[in-house]
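The values are calculated or read from the model by the stated rules, or taken from the named source; none is laboratory data. Everything numeric here is computed off the predicted structure, so don't read it as measured data. As a convention, Cβ positions derive from the backbone with ideal geometry for all residues, glycine included, and neighbour counts pool all protein chains shown.
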Amino acid sequence: MQDKLETPHFNSEAEEAEWWDQQESALADALEAATASGTLSSGTAARRAKTPTTTIRLDPADIARARSQAEHCGLRYQTYLKMLIHQELQNREASPAERASKESK
């Protein structure tokens, strides 16, 4: 396996899930190799990359809704909120025709 796993752009969640399923063996091998060599580290890639932290104040009811929806998806609520923000930012950059196509799905 290469030193850094390059993740491609995905057109759908199903396409992304299939790609990660195909990487399972390579990821397991990399994890075992890092454990054996003592180079295994903790923290997410985002944390290691020093992405900036942003603090926002949210209504407690919105946080409760996010927690519930995230749990249904099997995610942490912060990850779920980050995903929602990312998707909406991408959606707003899309052309009107692309937005209409996405919204009709």
(request) Select from the range 56-75 the residues that are among the charged types (D, E, K, R) and surrounded by 13 or more Cβ atoms within 10 Å (Cβ to Cβ) and list them in ascending order. (result) Arg65, Arg67
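Determine which member of the set Leu27, Leu40 is surrounded by 12 or more Cβ atoms within 10 Å (Cβ to Cβ) and modelled with pLDDT of 80 or more. Outline the logic, then answer.
On the way: Leu40 fails: modelled with pLDDT of 80 or more.
Exactly one of Leu27, Leu40 is surrounded by 12 or more Cβ atoms within 10 Å (Cβ to Cβ) and modelled with pLDDT of 80 or more, namely Leu27.
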(request) Take Thr55 and decide whether it is polar (S, T, N, Q) and either modelled with pLDDT under 85 or under 20 Å from Thr7 (Cβ atoms) (or both). (result) no
